[in-house]
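The values are calculated or read from the model by the stated rules, or taken from the named source; none is laboratory data. Here the structure is a predicted model, which is why all the values come from computation and not from measurement. Reconstructed Cβ throughout: ideal geometry from the backbone, glycine too, with neighbour counts over all protein chains shown. Heads up: the accessible areas ignore ligands, DNA and RNA and are worked out on the full protein's heavy atoms, side chains in. Shrake-Rupley method; radii C 1.70, N 1.55, O 1.52, S 1.80 Å.
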Amino acid sequence: MGKDEVKENMRVYQIVTTLSYGDAVGNDVLALDDALRRHGYKTCIYAEHIDYRINKKHVKRISKLKKLRKDDLIVYHFAIATELNTQIKNYPCKIIMRYHNITPYHFFKNYSQSLTELCRQGRDQLEALKDDIQYCIADSEYNKNDLRELGFTGRIDVLPILIPFSDYEKEPDQYIVQQYSDDGYINILFTGRIAPNKKQEDVIAAFYMYQKYYNSKSRLFIVGSYAGMESYYNRVKQYAEKLGVENVIFTGHIKFDKILAYYNIADLFLCMSEHEGFCVPIVESMFFGIPIIAYESTAVVDTLGGAGILLKEKKPLETAGMIDYILNHLELRDQMVRAGRKRLEDFEHDRVEQQFLNYIGEYSKG
């Protein structure tokens with residue numbers, strides 16, 4: 001059967017528990033859907049929960065899933081606990097599990113009982129699938145190794161999150177750009193939802209040392225939503241107040257053009273996260289030519305790919321010194337930016353998209 005005949009007979013359905021607006025998993029689902037459509041596949045997205053801001057044209061509730069045929073293909077995005085995790089193995093067609101990882105539940109124990117339980121259950125449900133799912137596409141080498149450690153023995157390929165970089169070329173919010181540019185201040189940035197695994201308090205600790213001992217004319221922007229993590233957010237804010245650190249700005253949830261503005265004004269990206277399945281903001285920082293310092297953990301190492309400084313330990317004063325050194329040695333800074341540009345080639349949209357289509361084609365014919 002030729003490639004066109006396969007497309008004609010096979011429907012490719014993506015299934016995800018929650019299709020959120022603006023998060024890594026949701027963006028990956030939508031980008032893959034666009035790729036499938038442009039290359040002639042019959043496809044649709046099905047989800048239990050759909051963000052009201054998502055265009056519903058090609059998205060339906062899981063309850064609307066059509067009767068599956070043997071020659072259909074499911075791309076199942078695994079990221080959290082759900083009853084779907086226990087049902088997916090019974091679908092009468094080929095299944096590819098797109099694995100995004102699950103944050104270890106211990107990070108949430110002091111902040112959210114419900115999220116703690118969801119992460120705990122999700123891990124158990126994932127392990128229960130090890131003998132039923134024969135093909136997985138992990139979005140990082142870390143995630144691939146995670147599946148192997150759980151006992152998955154089938155084929156596992158690695159494919160980065162599919163990122164539509166053309167979106168980053170849109171106009172940034174000019175008010176933010178004008179407000180925080182060309183005023184002699186150093187702008188340090190971290191983007192990502194406010195959550196205990198992201199360790200925003202460690203970002204603040206390093207920034208405090210930088211501001212105190214190296215450069216009082218500095219700002220820290222912590223960009224990301226704290227919805228559902230209000231208790232952690234309040235604790236982090238109280239920590240900053242106790243330190244007496246100045247110019248720490250929490251943006252909360254903001255529109256995309258405002259996120260672009262903060263990337264445009266950033267002098268350095270600082271990540272102290274202790275658990276990432278991929279970490280899209282690292283790739284975004286490479287796109288905007290921002291030097292990166294990150295704590296050496298989980299998928300951060302894979303995604304950074306040597307294009308930044310990895311910290312083996314969290315020592316705020318040493319991190320502050322590293323920030324100062326990079327920003328005052330333009331040759332090193334430019335070298336880091338060039339390395340980021342080079343690494344960015346591995347995430348190039350057309351390259352990742354074509355690899356995904358190759359995987360789909362190979363597995364459908366296997």
Computed ³J(HN,Hα) along the range 19-34: with the Karplus parameters 6.51/-1.76/1.60, θ = phi - 60°, integer Hz and x for glycine or proline, the list is 9, 8, 8, x, 8, 5, 5, x, 5, 5, 4, 5, 5, 5, 4, 4
Quick calc: nm separation of the 7 Å Cα→Cβ label points for GLN113 and ASN328 -> 5.1 nm
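Would you mind checking LYS64/LYS144; LYS237/LYS312; LYS212/LYS342; LYS255/LYS315; LYS42/LYS365; LYS109/LYS255 for any pair whose Cα atoms are more than 24 angstrom apart?
LYS64/LYS144; LYS237/LYS312; LYS212/LYS342; LYS255/LYS315; LYS109/LYS255, as the Cα separations exceed 24 Å there.
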Taking placed amide H atoms and a strict 5 Å upper bound, the residues 5 or more places from TYR295 or on another chain that come that close are CYS271, MET272, SER273, LEU311
Here the Kirkwood hydrodynamic radius of the range 49-134, Cα-based and in Å, equals 14.6 Å
Cα extents of the range 196-248 per principal axis, largest first, Å, are 35, 20, 17
Taking the chain and counting helices only, DSSP H stretches of n ≥ 4 at -39,500 (n - 2.57) each over all residues, the nearest-500 ellipticity at 222 nm comes to -13000 deg cm²/dmol
Per residue, accessible area of the chain with a 1.4 Å probe, heavy atoms of protein chains only, in Å², comes to 46 Å²
Among the Cα-Cα pairs of the range 167-255, the proportion with separation greater than 19 Å, in percent, is 42 percent
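Tell me, what % of the accessible area of the chain is carbon and sulfur with a 1.4 angstrom probe?
Answer for the chain: carbon and sulfur cover 46 percent of the accessible area.
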Mean separation of Cα contacts under 8 Å (at least 6 apart) over the residue count of the chain, i.e. the relative contact order in percent, is 14 percent
Placing +1 on each Lys and Arg Cβ and -1 on each Asp and Glu Cβ in the range 218-291, then taking the dipole about the Cα centre, the residue among ILE249, HIS275, ASN264 whose Cα reaches farthest towards the positive end is ILE249
The base-10 log of I(q)/I(0) that the Debye equation returns for the range 143-189 at q = 0.13, 0.16, 0.17, 0.23 Å⁻¹, one scatterer per C-alpha, is -0.62, -0.68, -0.70, -0.92
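Could you pull out the trypsin sites (Lys or Arg not before Pro) across the range 187-237 that fall in loop regions by DSSP (anything but H, G, I, E, B) with no more than 16 other Cβ atoms inside 10 Å? Don't jump to the answer; show the numbers that get you there.
Working: sites: ARG193, LYS198, LYS199, LYS212, LYS217, ARG219, ARG235, LYS237; in loops: ARG193, LYS199, LYS217.
In loop regions of the range 187-237 (DSSP not H, G, I, E or B), the sparsely surrounded trypsin sites (Lys or Arg not before Pro) are LYS217.
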With x for Gly and Pro, the residue-by-residue ³J(HN,Hα) of the range 351-366, computed from phi through the Karplus equation 6.51 cos²θ - 1.76 cosθ + 1.60 at θ = phi - 60° and given in whole Hz, is 5, 5, 4, 5, 5, 4, 5, 4, 4, 4, x, 5, 6, 5, 9, x
Here, TYR91 and ILE249, labelled 7 Å along Cα→Cβ, have an inter-label distance in nm of 4.3 nm
For the range 239-358, averaging the sequence separation of alpha carbon pairs under 8 Å that lie six or more residues apart and dividing by its residue count, the contact order in percent is 22 percent
Which residues qualify? For GLY22, with a placed amide H closer than 5 Å and at least 5 residues away or on another chain, they are ASN27
If every Lys and Arg gets +1 and every Asp and Glu gets -1 at its Cβ, then about the Cα centre the range 2-147 yields a dipole, in debye to the nearest 20, of 640 debye
Whole-Hz Karplus couplings 3J(HN,Hα) for the range 94-108, θ = phi - 60° and coefficients 6.51, -1.76, 1.60, Gly and Pro as x, run 6, 10, 10, 9, 8, 9, 10, 6, 10, 5, x, 5, 5, 4, 9
Here the alpha-carbon Rg of the range 246-314 over 2.2 N^0.38 Å rounds to 1.13
Reduced to Cα centres, the span from the range 127-164 to the range 321-336 in Å works out to 37 Å
Cα extents of the range 101-165 along the principal axes, largest first, in whole Å, come to 37, 36, 15
quick shape note, the chain: Cα extents on principal axes in Å, largest first -> 65, 40, 36
If every Lys and Arg gets +1 and every Asp and Glu gets -1 at its Cβ, then about the Cα centre the chain yields a dipole, in debye to the nearest 20, of 1060 debye
Here the percent of antiparallel bridges among DSSP beta bridges lying wholly in the chain, to the nearest 5, is 0 percent
In nm, the gap between the two label points placed 7 Å beyond Cα toward Cβ at GLU230 and LYS60 is 3.7 nm
Over all viewing directions the Cα convex hull of the range 267-366 casts an average projected area in nm² of 7.1 nm²
